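Read-outs: derived from the displayed coordinates by stated rules, not from any lab. All figures in this text were calculated on a predicted structure; none of them were measured in a lab. Cβ sites come from the backbone with ideal geometry, for glycine too, and all protein chains shown count toward neighbours.
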Amino acid sequence: MPVEEFVAGWISGALGLVLGHPFDTVKVRLQTQTTYRGIVDCMVKIYRHESLLGFFKGMSFPIASTAVVNSVLFGVYSNTLLVLTATSHQERRAQPPSYTHIFLAGCTGGFLQAYCLAPFDLIKVRLQNQTEPRAQPGSPPPRYQGPVHCAASIFREEGPRGLFRGAWALTLRDTPTVGIYFITYEGLCRQYTPEGQNPSSATVLVAGGFAGIASWVAATPLDVIKSRMQMDGLRRRVYQGMLDCMVSSVRQEGLGVFFRGVTINSARAFPVNAVTFLSYEYLLRWWG
Ligand SMILES: C[N+](C)(C)CCCC[C@H](N)C(=O)O
């Protein structure tokens, strides 16, 4: 099994993440809290109350985890294509796989990475939602002191299954949308690249950026539900399950609730995925 794809996915995931984390914090807050009037209001409040560091809450852990998760995503995608089409990454420019195969390989990658992602993503969302300013002497400490403490507390308070809260919504979110992610990327690359050649860096950046936007727009409805399920259980359980969460969210906030955070998600998705695909492609070309 070719491992370069896993390693390239690993490095490119970490690079993309740092760039996107501040957007991600704003997104999670907008989706799960009602105190902010919009993106700008949320950014101003985070900055005033928690300083620049507020935007980077909960990042150290996702850096490590995105590396693992992205490695599974790209590694499984590429190796599924190898099984389906019998072409390696290097051969795929000369013999491009069909869009059906790309979609199936993407869904497989999305499905498997969701399980690796679930506990990491839960911890990230819980930490991002702590609004206390940086610790001051005398002030009560926040509920979770860091990722390891957070994981241990969830384990203790909510049981081992508590670590997989929201995992179903996450799997449903990611299986089809990772398919969309790779179809958009490949489609745009092919559109702007002469046959048989490698796409230029500009093409890779733009195709990667739009792949991120397209897949995140499709993923947003289930992303909102996923984040809410993850926050549920922190104090009192509010939702009976995913469906209940969807129904009561729509009842209380209207259909627009499914697109909470879509603007910020897209703003984040472009740079993150442009850099992810560029570094992925270049690492593989360099090694290959
Ligand atoms: C499929 N879905 C849209 C959920 C994610 C696909 C993009 C993954 C990328 N690491 C990112 O964080 O943007």
Only sites in a loop by DSSP and with at most 10 other Cβ atoms within 10 Å count here; which GluC sites (Glu not before Pro) in segment 155-264 make the cut?
Glu195
Size of electric dipole in the chain: Cβ of Lys, Arg +1 and of Asp, Glu -1, about Cα centre, debye, nearest 20
960 debye
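Quick one: putting +1 on the C-beta of Lys and Arg, -1 on the C-beta of Asp and Glu, what dipole do you get for segment 1-100 around its Cα centre, in Debye to the nearest 20?
Computed about the Cα centre, the dipole is about 420 debye.
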At R0 = 51 Å, FRET efficiency that the Cβ-Cβ distance of His101 and Phe155 yields, to 0.05
0.80
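Under the 0.36 nm per residue contour assumption, what length would be gained going from the current alpha-carbon distance of Leu234 and Val83 to full extension?
Residue separation times 0.36 nm, minus the Cα-Cα distance, leaves 50.1 nm.
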Put +1 on the Cβ of every Lys and Arg and -1 on every Asp and Glu Cβ in the chain; which of Phe164, Phe277, Thr34 then has its Cα farthest towards the positive end of the dipole?
Thr34
If you place +1 on the Cβ of every Lys and Arg and -1 on the Cβ of every Asp and Glu, how big does the dipole about the Cα centre of segment 39-97 come out, in debye to the nearest 20?
60 debye
Angle, helix 262-287 long axis vs. longest principal axis of the chain, Cα atoms, 0 to 90°, nearest 10?
40 degrees
Max mean-square fluctuation residue, GNM over the chain, Cα-Cα springs under 10 Å, options Arg268, Arg37, Arg126
Arg37
If I stretch the segment between Leu19 and Asp244 completely, what's the gain in nm (0.36 nm per residue apart, minus their alpha carbon distance), one decimal?
77.5 nm
What does the extension gain come out to for Gln145 and Thr35, with contour length at 0.36 nm per residue minus their alpha carbon separation?
37.3 nm
What FRET efficiency, computed as 1/(1 + (r/R0)^6) with R0 = 30 Å and r the Cβ-Cβ distance, is obtained for Ala64 and Leu255, rounded to the nearest 0.05?
0.25
Of Leu73, Thr203, Leu53, which is farthest along the charge dipole of the chain in the positive direction, counting Lys and Arg as +1 and Asp and Glu as -1 at C-beta?
Leu53
